[in-house]
Amino acid sequence: MRPTEDSYRHKGLRKKLVQAVQAKGITDERVLDAILAVPRHYFLDSAFDEVAYEDRAFPIGEGQTISQPYTVAYQSQLLETKPFMKVLEIGTGSAYQAVVLAEMGVQVYTIERQKKLFDTNKQFDLLKKYPTIKFFYGDGFEGLPTYAPFDRVLITAAAPEIPAKLVDQLKIGGMMVIPLGAGDVQQMLRLTKLDNGALKEEVFDNFSFVPMLGGRSQ
Ligand code: SAH
């Protein structure tokens, strides 16, 4: 069961979480405000109520995880979004990252390959507050050609290579944030699509994500 109450205690724990990610180097006020606004405990079973605001990843079923808040904040900061931008997210999972982006005022298109996780989000009442998030069941390697081009692409699973179709679906001047690497550790890259279509590559810190897998799973 999911919790249904956002108490003063939860709000206080959220303030502490914001301070924790700030202490780790997150400075973007829009990102920090979004972390403060989003009730992370709603994304987890009520069994996790005591720990929902620790800066850790947690299991959400199907062998997947809700990302660590620091990682969510880090990727959201690197994306350098502006309100109303179209952002494609690969790996909806718990939808926490999608909601953080929606709180920042962007239009989120998010794809999940695991049917059960996709279906779970259909029953998740909090998401009704975020009509700007569009949910898709599919293979993130394919992207969403019908809705392209995107201002930003965010990959929230470990990509073994840079997905060519997602580069195609990025606007000129657009950016992709991608944890790249097939092993246990990935390098966070930010790719910017230049006027001539080439990619400028910036390398950031190392992280550890669950793998980005091809195809859909029932
Ligand atoms: N953004 C999520 C993080 C989830 S973990 C959150 O905030 O909770 C990564 C997710 O990516 C998993 O749910 C996994 O099933 C999904 N995934 C992995 N490969 C994928 C692909 N090719 N297309 C879409 N989703 C994928």
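Within the chain, what's the longest stretch lacking GluC sites (Glu not before Pro) that sit in DSSP loops with no more than 11 other Cβ atoms inside 10 Å?
Here the longest segment lacking exposed loop sites spans 51-160.
Treat every Asp and Glu Cβ in the chain as -1 and every Lys and Arg Cβ as +1, leave all other atoms uncharged, and give the resulting dipole magnitude about the Cα centre to the nearest 20 debye.
The dipole magnitude comes to about 440 debye.
Within the set of other residues whose C-beta is less than 15 Å from the C-beta of Leu191, count the net charge using Lys and Arg as +1 and Asp and Glu as -1.
Here the charged neighbours net out to -1.
Can you give the calculated 222 nm mean residue ellipticity of the chain, where each DSSP H run of n ≥ 4 adds -39,500 (n - 2.57) and the sum is split over every residue, rounded to the nearest 500 deg cm²/dmol?
It comes out at -7500 deg cm²/dmol, rounded to the nearest 500.
Roughly how much of Leu194 is accessible, in Å² to the nearest 10, using a 1.4 Å probe?
Surface open to solvent at Leu194 totals about 70 Å².
In segment 47-63, which residues have a backbone nitrogen under 14 Å from the label point lying 7 Å from Lys16's Cα in the Cα-to-Cβ direction?
It comes to 49-56, nothing else.
Let me know the whole percent of all Cα-Cα pairs from segment 55-186 that are separated by more than 27 Å.
In whole percent, the long-distance tail amounts to 11.
Work out how much length Ser46 to Glu29 would gain on full extension: take 0.36 nm times their residue separation and subtract the Cα-Cα distance, in nm to one decimal.
Extra length from Ser46 to Glu29 when fully extended: 3.2 nm.
Mind checking which aspartates and glutamates have their Cα closer than 20 Å to the Cα of Lys171? Skip sequence neighbours fewer than 8 apart in that chain.
Within the straight-line limit of under 20 Å, Lys171 reaches these aspartates and glutamates: Glu80, Glu89, Glu142, Asp151, Glu161, Asp195, Glu201, Glu202.
What FRET efficiency comes out for the pair Lys165/Glu80, r = Cβ-Cβ distance, R0 = 22 Å, nearest 0.05?
Calculated value: 0.45.
Which percent of the accessible area of the chain is formed by carbon and sulfur heavy atoms (probe 1.4 angstrom)?
The nonpolar share, carbon plus sulfur, comes to 53 percent.
Which percent, to the nearest 5, of DSSP beta bridges fully inside the chain are antiparallel?
Taking every DSSP beta bridge within the chain, about 45 percent pair in antiparallel fashion.
Hey, can you grab everything whose amide H is under 5 Å from the amide H of Gln186? Only 5+ residues off in sequence or another chain; H modelled, so Pro and N-termini drop out.
Residues meeting the criterion, in which the H sits 1.01 Å from N, are Phe207, Ser208, Phe209.
Could you work out how far apart the two model spin labels at Glu62 and Leu194 are, taking each label as a point 7 Å from the Cα in the direction of the beta carbon, and quote it in nm?
In this crude label model, Glu62 to Leu194 measures out at 3.9 nm.
Ignoring ligands and nucleic acids, what accessible area does Lys86 show with a 1.4 Å probe (Å², nearest 10)?
50 Å²
Using the heavy atoms of the protein chains and a 1.4 angstrom probe, tell me the accessible area per residue for the chain in square angstrom.
Ligands and nucleic acids excluded, the figure is 46 Å² per residue.
Could you work out how much longer the chain between Val203 and Asp119 gets when fully extended? Use 0.36 nm per residue separation minus the Cα distance between them, nm to one decimal.
So the extension gain works out to 26.8 nm.
Once the dipole of the chain is set up with Lys and Arg at +1 and Asp and Glu at -1 on Cβ about the Cα centre, which of Leu44, Pro211, Thr132 lies farthest towards its positive end?
So the residue furthest toward the plus end is Thr132.
The values are calculated or read from the model by the stated rules, or taken from the named source; none is laboratory data. These numbers were taken from a predicted model, which means no experiment stands behind them. FYI the Cβ positions are ideal-geometry reconstructions off the backbone, even for glycines, and counts take in every protein chain you see. In case anyone asks, the SASA skips ligands and DNA or RNA and just uses the protein heavy atoms, side chains included. Shrake-Rupley method; radii C 1.70, N 1.55, O 1.52, S 1.80 Å.
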